[in-house]
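The values are calculated or read from the model by the stated rules, or taken from the named source; none is laboratory data. Note that the coordinates shown come from a computational prediction; the quantities given were computed from them, not determined experimentally. Here the Cβ positions follow ideal geometry from the backbone for every residue, glycine too, while neighbour counts run over all protein chains shown.
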């Protein structure tokens, strides 16, 4: 009987012991909005760096095509898709800023 009471008291005291444990935040962001804002900024900066490189690669395909319609098409597609992707990234960032100004609440940090 004493073993059962001891076991029950130990099991009932575990939540109190566990709740005393504190974890440090490994991120520098305090809220979920700040984290999302940091991820969007990261994607934006990567896109701004990668887009000119992809346009240069597409131009290289166009210059070295030597009349090959497949290479010309590949070069055009690379440039078009790069510009579309860059426009999407820019519009996404602008859309977030517009929504923030309309509702009057800062989404990120």
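Numerical summary
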| read-out | value |
| --- | --- |
| Residue selected from region 66-100 under the condition more than 15 Å from residue 43 (Cα to Cα) and surrounded by 14 or more Cβ atoms within 10 Å (Cβ to Cβ), by the criterion nearest to the chain's Cα centre (by Cα) | 83 |
| Residue among 57, 36, 40 that alone is in contact with a helix residue (DSSP H, G or I) (Cβ under 8 Å, 6 or more places away or on another chain), surrounded by 11 or more Cβ atoms within 10 Å (Cβ to Cβ) and in contact (Cβ under 8 Å) with a residue 60 or more places away in the chain | 40 |
| Residue list for region 1-16, filter: modelled with pLDDT under 75 and either in contact with a strand residue (DSSP E or B) (Cβ under 7 Å, 6 or more places away or on another chain) or over 30 Å from residue 35 (Cβ atoms) (or both) | 14, 16 |
| Residue within region 21-39 that is assigned to a helix (DSSP H, G or I) and either over 30 Å from residue 99 (Cα atoms) or touching a strand residue (DSSP E or B) at 6+ places or on another chain (Cβ under 7 Å) (or both) present | no |
| Residue check for residue 29: surrounded by 13 or more Cβ atoms within 10 Å (Cβ to Cβ) and at pLDDT below 95 | yes |
| Condition check for residue 46: free of Cβ contacts under 8 Å to residues at least 24 places away in the same chain, surrounded by 13 or more Cβ atoms within 10 Å (Cβ to Cβ), at negative phi and not in a loop (DSSP other than H, G, I, E, B) | no |
